[in-house]
Amino acid sequence: MVAAGLLEELRDFHQRYNQEKVAENCQDYQHGIFQSIGFKEFHEYLITEGKCPQETSALLLEKGIQALKLVTKRYARKQNKWVRNRFLRRPGPNVPPVYGLEVSDLSQWDENVLKPALQIVESFIQGRQPSADPVKMESEIKEDKRSHHMCELCNRVIIGDREWAAHTKSKSHLRHLKKRRKLQLKLSAVESRVSVTETQGDREGTEDLGQGRN
Ligand SMILES: [Zn+2]
């Protein structure tokens, strides 16, 4: 958000709509647009910018960014909880299908999140069934206590659906997942380097050939 110009936007908004309220001591961050996440967190920074030493300003900015991260995470957790309680745990005729997307790998954001999300929304607008399956209502999930799940990452067999669900969220499994991703990144970096050297090699080869003919 900061890289995308959050600060300029905040400054502009502060100057146009907030400065006077603050000066008149009648600002209220609990109501209306002023309560939105990512504004009140920068209050100290915005009201002191240009009126205090650079280092103080930098510190206040950092403080604002940390606070923004905290409230954004808190809000995301709240939203997840709300969707789970309002929809997934209370199935009924008025409950819309909920679609889950894999969002943990930022490097795959467009492929894993943006594209499928747009497809789902488009299908909805056109009245078609999306190709993705909605998340199962919790009451639909029949637990199999004897099912076998092989975790290729951890090289372990997990017995029982509930245990399997717990395993995929466990620290050790996530650590393996992280390792695997790092390895893949390294591999693809090496591969791209190899292909660069190969093309260079080819070019040198042709140059040699030309010289040979001369
Ligand atoms: Zn595992």
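Nothing in this text is a laboratory measurement; each read-out follows from the coordinates by a stated rule. This one's a predicted model, so the numbers in the text were calculated from it and none came from an experiment. For neighbour counting, all protein chains shown are included, and Cβ atoms are generated from backbone atoms with ideal geometry for every residue, glycine included.
Structural remarks
- Burial ordering of Lys69, Lys51, fewest other beta-carbon atoms within 10 Å first: Lys51, Lys69
- Relative contact order computed over the chain (Cα-Cα under 8 Å; 6+ residues apart), in percent: 9
- The chain: radius of gyration and largest Cα-Cα distance (Dmax), Å: 26.4, 85
- Net charge of the neighbourhood of Arg89, taken over other residues with C-beta under 14 Å away and scored Lys/Arg +1, Asp/Glu -1, is +3.
- Under 13 Å, Cβ to Cβ, from Cys151 - net charge with Lys/Arg +1 and Asp/Glu -1: +2
- Top positive-direction residue, dipole computed over region 35-190 with Cβ charges, set Thr168, Ile120, Pro53: Thr168
- Positive minus negative residues near His31 (Lys, Arg vs Asp, Glu; Cβ under 15 Å): +1
- Largest-first ellipsoid semi-axes for region 1-92, taking √(5λ) over the Cα gyration tensor eigenvalues, angstrom: 31, 16, 10
- Segment Leu153-Leu70, length gained on full extension (0.36 nm per residue, minus Cα span): 26.8 nm
- Working from label points 7 Å from Cα in the Cα-to-Cβ sense, the Leu114 to Val194 distance is 3.0 nm.
- Cα-centre dipole for the chain with unit charges at Cβ (Lys and Arg positive, Asp and Glu negative), debye to 20: 1340
- Segments 27-34, 172-179 sorted - mean Cβ within 10 Å per residue, highest first: 172-179, 27-34
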